[in-house]
Each structure stands twice: as structure tokens, then as C-alpha cells.
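Data block below; observations after.
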Amino acid sequence: MNKNCLRYFSHSAWISALMLGLSLSPSLCSADPGGGIRIAPIAPDMPYVFVVHQGRSMKIQRSIETSFKAAQGIRSTLAINSEACPPFCLLPLELDSAVKTVGELEIINFMIGKMRKSQGVLIDVRGDREYRMATIPGSVNIPVTVFQKDPWDKEFVTMLEGFGAVHRGEVSSITRMLEDWGLVDTSLLGKDWDFTNAKDLILWSNGPISRISPTAINLLLAVGYPAEKIRWYRGGLPAWQYWGFTMVNAPKR
């Protein structure tokens, strides 16, 4: 391994790698010819990817310089919140048996798959201020307060329609009865919404101690959004930054 690269791996980083079964081989460290930034591949055959954020293409890669440590703003937030348990306690790995928990590689594959086909939305449910300080490229900001609105609130309805849900309108009593009896496939139907063509969603917030993304997910499930179309990035921004992935500051209004 390049000596200049090796020095960026602290003792704790080596321990983390060993615990994860990684081998810190020379292939894990390279220089970005564009700016001299030492980077680690996202995967063996994936040095970096591009994603559209706020209408422009952004390169996502892993920086060795920023890996294995939290940025000051994130670190201070986590430190303050972690002292207050409850409510800021570690959450379980799974929220719901049907809602999958995903990691960084699943996020990347979602970006270059579902998102490029306009079939998926990556959602930062934190507040506007936090979103503007730093976010995961490609994320749209829909604060948890929007999910907490009344299901018939204009903003909530607009959000669901933006995800591709269609209001069912007047449903006949016979149709309701057939649905209640299980004689009609309702796996993609809610009481008031048809989610047949709804997009896949990944929701995230401030990591395993943050309850706002689970809250948003549970509110989506409550209106019938299919669990198989929802995923939870438990690690959130702290995990994304810990592994050195590109972050972005939202432009000022």
C-alpha cells in the first residue's frame, strides 16, 4: 500500500476494517487524478458514481481523508442527543418485518437504478436547516412535519401525488366489501389511495438514535403505502460521512 495512503488509516480504522472482514489492500487506495484526493473505491468494480442533485450532476466517491470520523457539526449534534436517552436511544435494526433496512451500497445502487429511471426517491426527513448544512447527494428534503400533517392536508396530498400515488375517489360499497373479504388484491391499495405506480422510497435522518425517519415511515404505512416500496437507511448522515462518502451543502435561497 502507498505510504502516503497508509497514514490515513488510523489504528481504529484498521480495527473497524478487520471487524468487517475487509482487507486493506493497495486496490483500496488510489488518487483521484482530477484533484489529488485520496479515495477508496465504493465497490471492487465501482470507483465512483454520478447522481443528479438540485438539477446538476454530482460525483459520489469515498474520501480517505474524511473517512472514520464525523464532521464537527454532526459530531456535536450526536454528542448532545446521545446524552438524552430517552428519547434519543439506539433503534433496532428493523422497524417492520416488511420494511427493509439498507446500507450504503444499497443507497448507491438505488441512485444508479431506481432514481435514474425516476422510479425512486431518496428522502432526507430532517429539518430545512440541517438539510442545508449537509445532505446526501440526490436527496430531496421533506421534513417529518409534512408526514405528520392530516392525511387530507394539501401538503400531505401533494407529497403522495408526487410519489406517484393516485387518489381512489369514490369507492363503491361492493368493492369495499370484496376488499374486506380478501377477494380483491389490495397489496398496492390503501383505503383512499392506489399505490400501484407509486415510487420506491428510501428515508433517512440522523442515524440509529433519530426517530424522525421511523416516524415518517410509520405514517406512510398508516395511509396504506406498501411496505415493500419503503426502505430505511438506519445509518443516516453519520454513517454516510463515517465512510467518507461525498456530502453536499444545499444552496441558499
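The values are calculated or read from the model by the stated rules, or taken from the named source; none is laboratory data. Treat the numbers as computed from the prediction; the structure is a model and nothing was measured. Note: ideal-geometry Cβ built from the backbone for every residue, glycine included; neighbour counts use all protein chains shown.
Here is a yes/no grid of residues against (1) under 16 Å from M247 (Cβ atoms); (2) at pLDDT 85 or above; (3) assigned to a loop (DSSP other than H, G, I, E, B):
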position	(1), (2), (3)
I39	yes, no, no
K59	yes, yes, no
T66	yes, no, yes
I74	yes, no, no
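What's the total number of residues in the stretch 178-221 that are of a type in the set (A, V, I, L, M, F, W, C) and in contact (Cβ under 8 Å) with a residue 40 or more places away in the chain?
Total meeting the criteria: 11.
Restricting to the stretch 177-191, and then to whatever is assigned to a helix (DSSP H, G or I) and not hydrophobic (A, V, I, L, M, F, W, C), can you tell me which residue is surrounded by the most Cβ atoms within 10 Å (Cβ to Cβ)?
Per the stated criteria, the residue is E179.
In the stretch 210-221, which residues are out of contact with any Pro (no Cβ under 8 Å at 6 or more places or on another chain) and surrounded by fewer than 19 Cβ atoms within 10 Å (Cβ to Cβ)?
T215, N218, L219, L221, listed by residue number.
Answer with yes or no whether A239 is assigned to a helix (DSSP H, G or I), crowded, with 18+ Cβ neighbours inside 10 Å and not charged (D, E, K, R).
When the stated conditions are applied, A239 passes them.
Mind checking whether some residue in the stretch 10-31 is surrounded by 12 or more Cβ atoms within 10 Å (Cβ to Cβ), of a type in the set (F, W, Y) and at pLDDT 65 or above?
No, the stretch 10-31 has no match at all.
State the number of residues belonging to the stretch 114-138 that are among the hydroxyl-bearing types (S, T, Y) and either surrounded by 24 or more Cβ atoms within 10 Å (Cβ to Cβ) or over 25 Å from N197 (Cα atoms) (or both).
The qualifying residues number 2.
For the subset of the stretch 127-179 comprising residues that are of a type in the set (A, V, I, L, M) and more than 25 Å from the chain's Cα centre (by Cα), which member is nearest to Q241 (Cα to Cα)?
The qualifying residue nearest to Q241 (Cα to Cα) is V171.
If you check A198 against the conditions, is it at pLDDT 95 or above, part of a loop (DSSP other than H, G, I, E, B) and of a type in the set (A, V, I, L, M)?
In short, yes.
Of everything in the stretch 215-236, what is part of a strand (DSSP E or B) and over 12 Å from A198 (Cα atoms)? Give them in sequence order.
Those that are part of a strand (DSSP E or B) and over 12 Å from A198 (Cα atoms): R231, W232, Y233.
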